[in-house]
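Single-structure report; data block below.
The values are calculated or read from the model by the stated rules, or taken from the named source; none is laboratory data. In this text the structure is predicted, and so the values were computed from the model without any measurement. Cβ placement follows ideal geometry from the backbone for every residue including glycine, while neighbour counts extend to all protein chains displayed. For accessibility, only protein heavy atoms count, side chains too; no ligands or nucleic acids. Shrake-Rupley method; radii C 1.70, N 1.55, O 1.52, S 1.80 Å.
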Amino acid sequence: MMNLLRCLALALCLQLLASRGTAQVAPLVANINARQTTSLDGQWQAIVDPYDVGALDYRAQPLKNNHAFYKNYKPQSESELVEYDFDTSGQLYVPGDWNTQRESLLFYEGSVWYKRSFDYTKSPKNRLFLHFGACNYLAAVYLNGEELGGHEGGFTPFDFEITDRVKPRGNFLVLRINDTRGKDQVPTVNTDWWNYGGITRPVTLLEVPETFVQDYFVQLEKGSTHQIKGWLQLNGPKLQQNVIIRIPEAGLSKTIQTDSKGRAEFSFSADLTLWSPENPKLYTVEIASETDQVTERIGFRSIDVRGAKILLNGKPVFLRGISIHEEAPTRPGRTWSEDDARTLLSWAKELGCNFVRLAHYPHNEAMLRMADQMGVMVWAEVPVYWTIQWENPQTLHNAENQLKEMIARDHNRAALIIYSVANETPISDARNSFLRQLVQDAHSADPTRLVSAALQAHEVVDRGRITIHIDDPIASDLDVLGNNEYIGWYVRHAEDADSIDWISAYDKPLIMSEFGGDALFGYHGGTAARWTEEYQENLYQHQIAMLKRIPFLRGMTPWILKDFRSPRRTLPRLQDFFNRKGLVSDHGEKKKAFFVLQKFYRELQSARPPE
Ligand code: GCB
């Protein structure tokens, strides 16, 4: 009986996915900024559709006729019944979440239809792609009244090819975005961040030659500081070509041949100035096939682990980090822009950071590129958060897909050193094998970077002595251990940290991936008074004293740079739907604890590098 129920549930999931149409997305085109592009950003017409009447009829069957919103149908006579109209329904800005654009949408979760028109004349032989930076959470995409396909997952890019569908004049593009939370989704229904819905990252038309360089991986070979090893992939009818890879500044030029599948692997030695936070050196890398060429700024560095050490370019490094959510610096709402990335990373640098944890999902591409330029190492993460449906194969497939898309977008970023596959997930056999699969996926998609996860340890009290043990079984699969702890906020008192010792069952580096406490900027009191800046300041002081005593600690990313919107934080006047663990307020004001961490990071910076 149980098996039958499982089969039924799975069939329903597959059917749902089929209707989401994830199969039709095109392979991701790498480095779109270096291509011939046209932005479709700006004001789009938008219809808010809480009951999905634009997609389903009154029997909840999919609409195929002119009542379907994607048809953008107009009444042909004054007697014809048409119950929607994009032109008079208002507008939303793309990219952007809908929640912060209209007061009435602040708490809205459901469907919104977006529409915009465009003209486009492409060169006759070229191909045209539609690129979406991200849409949260489900996207169904229609061009000129026809379905292109769908995408699931709110934080990764996807493309559709529209070469044969685009017209010189009067194209109309319609998207149905739905951000209803679902138990089987990634993330699942329960999170500690705002479920910002919408077309949250840029939309771009991308014109490429008939056979083009679709993707490439140009990085140093694992463990080496002088050997470049990588691959590239062509897409189109002429798959066998000569391709030249050039790094003019390093005097490098290498010709390779792609095989009948359009793929080539290469390896050659190079004498390079290595990328590091102190010297974030980027080289112009040119890839020229017979039919296409693309240029990208790429940095080269090695990242390894030896015992409990993390080695950057062969030398031990301590990761002075901070966690960050993808919100604009001084207003609530999702961010996607270069300017916001610069502000957020400048705050991190002002703190003394050489590292950021981009929690809890893949952040926008501008952030990664800015980190490359500014010299800030990055931990990137997929939203496998708290209690995912570990036993659901569809959920695993979805998580794997999000991880794959994140790696595909960012695998040439020198700043990116760690992929994290999960945050605070409860140990069970099903969870362990789910995460093991993700670790394996990350290593096989990209063998050069480290894989981690934010775990939770447990406390043992023996004759008054408190020890915290890191022994999660998944740790044996990870290169670096992450651990979240809230001593002084959810558990115990800040002062207890003074006598707590940490024990790890693994000879691996540890990053304390979270600790912290809430403080409302400008709210003052004693060190025991919750929500005050003094409470948070005191908590950081005791945390730092404890962290200094952990011999295998190789980094930390306290929670969190900036106060952020969270539906779980309802307390009036103090929270008002903000998680207040930021070192900076939601208006950009620095709290006292900011300076405690800054002082510690300055000490670390001027101390001898770790052995
Ligand atoms: C955590 C979560 C993070 C929360 C934080 C908190 O452990 O990883 O997403 O926001 O605690 O403030 O409770």
Checklist entry - Any idea which of (1) surrounded by fewer than 17 Cβ atoms within 10 Å (Cβ to Cβ); (2) within 16 Å of the ligand (Cβ to nearest atom); (3) under 26 Å from the mean Cα position of the chain (by Cα) is the one Glu589 doesn't satisfy? => result (2)
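Of everything in the stretch 237-268 that's among the polar types (S, T, N, Q) and part of a strand (DSSP E or B), which residue is nearest to Lys281 (Cα to Cα)?
Ser253
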Next on the checklist: Of all residues being farther than 21 Å from Gly299 by Cβ and free of Cβ contacts under 8 Å to residues at least 24 places away in the same chain in the stretch 232-255, which is most open to solvent (accessible area, probe 1.4 Å)? Just the residue, please.
Outcome noted: Gln240
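From the list Ile544, Ile550, exactly one residue is closer than 27 Å to Leu311 by Cβ, away from the ligand (no atom under 16 Å from the Cβ), open to solvent by less than 20 Å² (accessible area, probe 1.4 Å) and out of contact with any strand residue (DSSP E or B) (no Cβ under 6 Å at 6 or more places or on another chain). Which is it?
Values: Ile550 fails: out of contact with any strand residue (DSSP E or B) (no Cβ under 6 Å at 6 or more places or on another chain).
Sole residue among the options that is closer than 27 Å to Leu311 by Cβ, away from the ligand (no atom under 16 Å from the Cβ), open to solvent by less than 20 Å² (accessible area, probe 1.4 Å) and out of contact with any strand residue (DSSP E or B) (no Cβ under 6 Å at 6 or more places or on another chain): Ile544.
Residues are listed down the side, and each one gets a yes or a no for (1) farther than 29 Å from Arg331 by Cβ; (2) open to solvent by less than 20 Å² (accessible area, probe 1.4 Å):
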site	(1), (2)
Asn65	yes, no
Gly96	no, yes
Asn136	no, yes
Gly149	yes, yes
Item to check | Residue match in the stretch 154-169 (condition: within 16 Å of the ligand (Cβ to nearest atom), among the aliphatic types (A, V, I, L, M) and over 19 Å from Ser111 (Cβ atoms)) | outcome: no
Checklist outcome for this item: Selection from the stretch 348-393 of residues within 21 Å of Gly582 (Cα to Cα), within 16 Å of the ligand (Cβ to nearest atom) and not aromatic (Phe, Trp, Tyr) yields Val356, Arg357, Leu358, Ala359, His360, Pro362, His363, Ala380, Glu381, Pro383
Item to check | Residue tally, condition away from the ligand (no atom under 15 Å from the Cβ) and in contact (Cβ under 8 Å) with a residue 40 or more places away in the chain, over the stretch 471-480 | outcome: 5
Item to check | Pairs where the first residue, in the stretch 155-173, is over 27 Å from His360 (Cβ atoms) and acidic (Asp, Glu) and the second is open to solvent by less than 40 Å² (accessible area, probe 1.4 Å) and modelled with pLDDT of 95 or more, C-beta under 6 Å, 6+ apart | outcome: Glu161/Phe129
Checklist entry - Does at least one position in the stretch 116-126 carry a residue that is of a type in the set (Lys, Arg), more than 16 Å from the ligand (Cβ to nearest atom), buried (at least 20 other Cβ atoms within 10 Å of the Cβ) and more than 29 Å from Asp340 (Cβ to Cβ)? => result no
Checklist entry - Mind checking which residues of the stretch 419-455 are away from the ligand (no atom under 16 Å from the Cβ) and either under 17 Å from Ile470 (Cα atoms) or not in a helix (DSSP H, G or I) (or both)? => result Tyr419, Ser428, Asn432, Asp446, Pro447, Thr448, Arg449, Leu450, Val451
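Matching residues to (1) out of contact with any Pro (no Cβ under 6 Å at 6 or more places or on another chain); (2) farther than 30 Å from Leu510 by Cβ:
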{"position": "Phe268", "(1), (2)": "yes, yes"}
{"position": "Ala288", "(1), (2)": "yes, yes"}
{"position": "Gly299", "(1), (2)": "yes, no"}
{"position": "Val317", "(1), (2)": "yes, no"}
{"position": "Glu338", "(1), (2)": "yes, yes"}
{"position": "Leu344", "(1), (2)": "no, no"}
{"position": "Glu350", "(1), (2)": "yes, no"}
{"position": "Asn354", "(1), (2)": "no, no"}
{"position": "His363", "(1), (2)": "yes, no"}
Checklist entry - Leu220: in contact with an Asp or Glu (Cβ under 9 Å, 6 or more places away or on another chain) and away from the ligand (no atom under 16 Å from the Cβ), yes or no? => result no
Next on the checklist: Just to verify a result, which residue in the stretch 485-513, among those that are open to solvent by 10 Å² or more (accessible area, probe 1.4 Å) and assigned to a strand (DSSP E or B), is nearest to the ligand (Cβ to nearest atom)?
Outcome noted: Val491
Checklist entry - Is it the case that some residue within the stretch 46-58 is open to solvent by 30 Å² or more (accessible area, probe 1.4 Å), in a strand (DSSP E or B) and of a type outside the set (Lys, Arg)? => result yes
Checklist outcome for this item: All conditions in (1) out of contact with any His (no Cβ under 8 Å at 6 or more places or on another chain); (2) closer than 29 Å to Gln605 by Cα are true of Ala380 except (1)
Next on the checklist: Every residue in the stretch 295-345 that is of a type outside the set (Gly, Ala, Ser), part of a loop (DSSP other than H, G, I, E, B) and closer than 19 Å to Ala380 by Cβ, please.
Outcome noted: Phe300, Arg301, Val317, His325, Glu326, Thr335, Trp336
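Here is a yes/no grid of residues against (1) more than 15 Å from Ala453 (Cα to Cα); (2) free of Cβ contacts under 8 Å to residues at least 12 places away in the same chain; (3) crowded, with 24+ Cβ neighbours inside 10 Å; (4) under 17 Å from the mean Cα position of the chain (by Cα):
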{"site": "Trp386", "(1), (2), (3), (4)": "no, no, no, yes"}
{"site": "Gln394", "(1), (2), (3), (4)": "yes, no, no, no"}
{"site": "Ala399", "(1), (2), (3), (4)": "no, no, yes, yes"}
{"site": "Ile418", "(1), (2), (3), (4)": "no, no, yes, yes"}
{"site": "Thr425", "(1), (2), (3), (4)": "no, no, no, no"}
{"site": "Asp429", "(1), (2), (3), (4)": "yes, yes, no, no"}
Checklist outcome for this item: Among Arg201, Arg165, the single one that is under 30 Å from Pro124 (Cβ atoms) and either within 19 Å of the chain's Cα centre (by Cα) or in a loop (DSSP other than H, G, I, E, B) (or both) is Arg165
Item to check | Whichever residue in the stretch 176-213 is within 16 Å of the ligand (Cβ to nearest atom) and buried (at least 23 other Cβ atoms within 10 Å of the Cβ) and, among such residues, is nearest to Asn579 (Cα to Cα) | outcome: Trp194
